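The values are calculated or read from the model by the stated rules, or taken from the named source; none is laboratory data. Just so you know, these numbers come straight off a predicted model, no measurement behind them. Every residue, glycine among them, receives a Cβ derived from its backbone with ideal geometry; neighbour counts consider all protein chains shown. To get the accessible areas, we keep the full protein, side chains included, count just its heavy atoms, and leave off ligands, DNA and RNA. Shrake-Rupley method; radii C 1.70, N 1.55, O 1.52, S 1.80 Å.
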Amino acid sequence: SSIWRVQSSAGFTLIVAVRFLLVVLLSIHMVACGWYGASNFRELQPDKEYDTTATFLRYMGAFRWSIAQLGIGLGHTHQEVQTIMENLYAIGVNIVCFALISGLVAGNYTGMLWGDSTQRRQLEELRTYLSRHKVSTGLRSKIWSIMDEKHSRDKYMPERNVELLQVIPLKLMIELRCEVFIPILTVHHFFAAYAMSQVSHRALHEFVGSGGVDDLSLDNRDEVFGEGHVAQGMYVVVQGSLKYVLGEQSRNLSEIAEKDMSFMHSLDSESGGDSQFVNEVADVLLLRPGSWLSEPALWLRWTHKGCATAKANCNLVFVRSDPFRKVMNDYLPEEARRYAIGFLGFMNRKHGKLSDDIGNQSTLQALAQDIFAISSHVFKIENCHPVSNRFRNEWEVFSESEWQRLWRTAWKEAHLTNKPALLAAMTTDLKRDVILFYQTLFSNNIPRIRGRTTDLAISPEDLQLMDQKVVFLKRLVLCLAWCGLYSCCEDNGDDLRFWTFPLASALCHGGRILICLEGVSCQQLMNALILGVDADWSWEEKGPPQCIYVRRTATHALRIGRKMEVHERRGKMLASVFGNHLGMDIPVGGFGNSAPCIGEEKLFIGPAGVPYRIEKDNRYSPVFLNQAQHGHLYMFWEDFSRKVNSNSAEEDENSSVAGEEPMEAGVERSSTSSLRHPSGALLIGIEASAPQKMSLFGDWHGVHARSKGQSAFGKRKWRDYRACGEVPASLGGMRVNINSGTFTSLQRLLSLVKLSLPSQPRRNEKEEKEEKELFQQLLQATGPEARDLLEARFKIL
């Protein structure tokens, strides 16, 4: 702030008083103008006839009246005023009185701004020093800018700043420190696995309670450590951000001595790690809350390979290496030693430069989970939930590196022979599914696009279509959660089970969801999902709604089996030319968010999935890459009303696909496998790109219709995770059954849920927050959990 640059304390106080006075006078002027225009001035002073043409005189009377209304004027407003001079005198007297009050208020305001007497004295000494030594204006401005940032620090308060904590008993203080610091430490995979394990947590409590961790509060551009400094511990970012710049020199890891760690005395003979790891060291990194730096200092003798500085006001938790090693050696020697051996092996397999940021964390996360026996062979839905607390929020993604990590898959071909590693990779991918699908519905970039100075030149028609598509996806999620999503591990199998994965993942791995209908037409369901429950859209007269279009061909189709069950089939292109194929180009990943990288070019997701880039010389006009399109929702619908009433024996044989085995006559259906008299069915899935377009992963959607290796979300198809256990089959692996009663209750649900339009801000922030929390809970929930959540929230029976 510029007022800090004033050299004298008297001038500083005067400027504060004048600024306050100007603000209040402006307020009085606004009140006077409003009174001048909205009232009949004659009624205020009935004893005096004013010339209505004397505009200036009338305004001064209104201004004096507005000052008197604030309670600081002298006399009353109906006094006789004869001339302009008398008005000027009356106003002047009122202003003098007001200035006196302003001086008192400004003095109190200055006291609050400067804080207590000690802080005020320090600022006064600094001001006097700069004035007497005639420090240049530029340097003085920089110094006071730092002082201003210091006084506008965030609400985070370090422990050492609270003096009364010194009188708390030691036992209670240890309990307090554990409650404050353990949630911060568990963002790191070693502490998280340790905290979730059945191993005694005494080591963690001893380490935190004995002062092994400390909080640091840094100002903008403060240095945390420099290149070549001996590392003393690890840093966890709590608030603000930390900038790390890798140094020019980086020694080979073989030069690192590890003799000082008593639980690592056999490192040379035992080493672990992932030989498939490829080093991804960036020269400049920006670490946000939930990130950490300099982990090698906990396990090795380490010197810093770069320089770390605070970017804006930054709060860190410092994990001291010496107390950590001592406590681990005393209370957790075996687990810590195994992790240290694996960590050294991991670092030895790095190629290229060494860095204080170790890059890819998945290998070390799997190592920690294996050591503490966390989810080694059993899938747990809780591990797919994004972290959301006061220190870290994984639902919101900001940095480019975080976006590119979300677009990648943790799956590797080597995992196919290692079930724990494959399960860890699948869990990581499912968690990323949840975040990417949530960003598709609630893009980080939407607030920037709404009516602000950085608006993109996107047509209102494109934004309106995007609104319809995103709202359709929201209603589709509600439909899957309410009507019930089931899966089977055999193609078109009868053994259906509740959906046990995150609800968002159903559409993120290339599979299609088969929605079977009874007593409900496909057009009725699609109208409810696309246009809302009150829509009365005639497909016969108007065709499909504007946000979807008719596709000429596709390889997917449906048929009725011998027991009236609906089967998904996949045949040749010519067999499906005249089917009811529909398409919708959707912004997978969220409009305006970072798209998967293509070389060095930075791209963003367009409102219809067409990526665009921003030119440096014209940031308001996006340049679209029309040859590419990322995110295409495919729909196929079929009306079975005629087929259900006819003899299907001959028809079933004609509609079957070569190589498909007929169903056995003695097989019984589960109660959820199919409806008694299906009237229609809808097949829905998300593909990487629209027909005749290239996806951002380099896959061309051509007429050959070959199955791609990865989905639109950058993850592998369900078949690649089959070694983990029961994942959905490629055909008919995900199903939803909807009869007339279920559809009626779905309509009631859709009418109760208030859905926001992405391109339009919601006036009620509470409703917007509640909507986001609802979909966060639904997307990360299993099928039964999502249904229970909706029943409890909306009380629909």
**Item:** Ranked by how many other beta carbons lie within 10 Å on average, peptides 686-695, 543-552 from highest
**Value:** 686-695, 543-552
**Request:** Please go through the residue pairs Lys769/Lys795; Lys474/Lys715; Lys243/Lys326 and name each one whose alpha carbons sit more than 27 Å apart in this structure.
**Result:** Lys243/Lys326
**Prompt:** Arranged from highest to lowest average of other beta-carbon atoms within 10 Å per residue, in what order do the peptides 511-524, 739-752 appear?
**Reply:** 511-524, 739-752
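Just the number, please: carbon plus sulfur as a percent of the accessible area of segment 468-587, 1.4 Å probe, no ligands or DNA/RNA counted.
Carbon and sulfur together cover 49 percent of it.
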**Percent carbon-and-sulfur accessible area, segment 163-214, ignoring ligands, DNA and RNA, probe 1.4 Å** = 60
**Request:** Give, in nm to one decimal, the length gained when the segment between Glu382 and Val24 is fully stretched (0.36 nm per residue of separation minus the Cα-Cα distance).
**Result:** 123.4 nm
**Prompt:** In the structure displayed, which of Lys134/Lys305; Lys305/Lys708; Lys469/Lys542 lie more than 30 Å apart, Cα to Cα?
**Reply:** Lys134/Lys305; Lys305/Lys708
**Asked** Tally Lys and Arg at +1 and Asp and Glu at -1 over the other residues with C-beta under 15 Å from the C-beta of Leu332: what net charge comes out?
**Response** +1
**Fill in**
Here FRET efficiency (C-beta to C-beta, Asp322 to Asp222, R₀ 22 Å, nearest 0.05) is 0.40
**Request:** Might you tell me the accessible area per residue for segment 742-797, computed with a 1.4 Å probe and given in Å²?
**Result:** 57
**Asked** What ranking do 731-737, 194-200 get when scored by the average of other Cβ atoms within 10 Å per residue, highest first?
**Response** 731-737, 194-200
